[in-house]
Amino acid sequence: MPEKVDYNRIMEAEIASLGGKKPDLLLHSCCAPCTSSVLERLYPHFRIVLFYFNPNTHPKEEYDKRGAELPKLLRASGMTDVEIVWGDYDPGRFFSAARGFETEPEGGARCGECFTLRLNETAKTAKKLGIERFCTTLTVSPHKNAGLINTIGAELARNEGISWLYSDFKKKNGYLRSIELSREYEIYRQCYCGCTFSLAAAKEH
């Protein structure tokens, strides 16, 4: 068996190498609850710009509801200097990416296509904005494959000639901390990942 990669240790080593400097970082945000504990870890080390791009989120009312919680999170946490860049909401892009994978279970190949869609847009946006690093809050979830997310992110970073910040934000109780912070800040926490397929799966349980 190959040795499991400790992405959290890789991230901590990169942060240590910054020598106190705070470079720019474009952080893809899937939702405010996941973003809460990730910001707590990264804010002291980077000048963060949040990127809310989640065309997978269904329905539109849910997408808007989740997005509206981000400014609330920043106010509650005192991180009001963090800028938010709002991506376009085009669910057709998600359904195009998911075509042929409709019957995949949650956590299967369809999720990989969704990760690629969102991280590719994040990488391109970082390049366009002149931000040298990008990352995602997705690895805070215990239901997401951190290895796959990091592999996809690193490849897309190479394609754009920028850097990917490796992460596994569920380490060091990151997921539990996100629950605590959501409760403290009275942030809305959704009961399903986002897409229509995950909503259907949640209704079955």
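The values are calculated or read from the model by the stated rules, or taken from the named source; none is laboratory data. None of these values were measured; they are calculated from a predicted model. All Cβ positions, glycine included, derive from the backbone under ideal geometry; neighbour counts span all protein chains shown. Side chains are part of the model used for accessible areas, which takes the heavy atoms of the whole protein and leaves out ligands, DNA and RNA. Shrake-Rupley method; radii C 1.70, N 1.55, O 1.52, S 1.80 Å.
Filter the cross-link list Lys22/Lys60; Lys72/Lys144; Lys4/Lys127; Lys22/Lys65; Lys21/Lys128 down to pairs whose alpha-carbon distance in this structure exceeds 27 Å.
Values: Lys22/Lys60 35 Å; Lys72/Lys144 25 Å; Lys4/Lys127 30 Å; Lys22/Lys65 31 Å; Lys21/Lys128 22 Å.
Beyond 27 Å between Cα atoms: Lys22/Lys60; Lys4/Lys127; Lys22/Lys65.
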note = Of the candidates Asn56, Val38, Gly147, the farthest towards the positive dipole end of the chain (Lys/Arg Cβ +1, Asp/Glu Cβ -1, centred on the Cα centre) is Val38
message = Below 8 Å, C-alpha to C-alpha, sequence gap of six or more: please give me the relative contact order for the stretch 99-205 in percent.
response = 24
task = Just need the relative contact order of the stretch 1-75 here, percent rounded to a whole number, with Cα pairs under 8 Å and 6+ apart.
result = 33
message = Ratio of alpha-carbon Rg to the 2.2 N^0.38 Å globular estimate for the stretch 41-81, to two decimals, please.
response = 1.35
task = Return the single residue from Pro91, Pro71, Pro44 with maximal mean-square fluctuation; model: Gaussian network over the chain, springs between Cα atoms under 10 Å.
result = Pro44
remark   = Heads up, the stretch 102-159 by the C-alpha gyration tensor (a ≥ b ≥ c square roots of eigenvalues; a/c under 1.5 rounded, else a/b over b/c prolate, else oblate) looks prolate
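Ranked highest first by average number of other Cβ atoms within 10 Å, how do 120-131, 72-83 line up? Walk me through the numbers before you get to the answer.
On the way: 120-131: 18.7, 72-83: 14.8.
So the order, starting with the most tightly packed, is 120-131, 72-83.
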ask   = When ligands, DNA and RNA are left out and all protein chains stay put, how many square angstrom of accessible area per residue does the stretch 100-191 have with a 1.4 Å probe?
value = 49
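Treat every Asp and Glu Cβ in the stretch 1-124 as -1 and every Lys and Arg Cβ as +1, leave all other atoms uncharged, and give the resulting dipole magnitude about the Cα centre to the nearest 20 debye. Don't jump to the answer; show the numbers that get you there.
Numbers: 16 positive and 19 negative charges, 53 e Å.
Approximately 260 debye in magnitude.
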request  = Take the Cα atoms of the stretch 4-44, build their convex hull, and give its volume per residue in Å³.
outcome  = 86
message = Using helices alone, I'd like the mean residue ellipticity at 222 nm for the chain: each DSSP H run of four-plus residues gives -39500 (n - 2.57), total over residue count, nearest 500.
response = -16500 deg cm²/dmol
remark   = Distance in nm between Ile10 and Leu129 label points, each 7 Å along Cα→Cβ, equals 2.3
key: Relative contact order for the stretch 43-127, counting Cα pairs under 8 Å that sit 6 or more residues apart, in percent   = 37
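Restrict the search to the stretch 1-69; then list the GluC sites (Glu not before Pro) that DSSP places in a loop and that have at most 16 other Cβ atoms within 10 Å of their Cβ.
Values: sites: Glu3, Glu12, Glu14, Glu40, Glu61, Glu62, Glu69; in loops: Glu3.
For GluC sites (Glu not before Pro) across the stretch 1-69 that sit outside H, G, I, E and B with at most 16 neighbouring Cβ atoms in 10 Å, the list reads Glu3.
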ask   = If you wrap a convex hull around the Cα atoms of the stretch 40-196, how much volume per residue is inside, in Å³?
value = 115
Shape parameters for the stretch 129-173, alpha-carbon atoms, Rg then Dmax in Å = 11.0, 32
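Over the stretch 1-90, what per residue volume does the convex hull of the Cα atoms give, in whole Å³? The partial results should precede the final answer.
Values: hull volume 10.9 nm³, N = 90.
Given the Cα convex hull of the stretch 1-90, per-residue volume reads 121 Å³.
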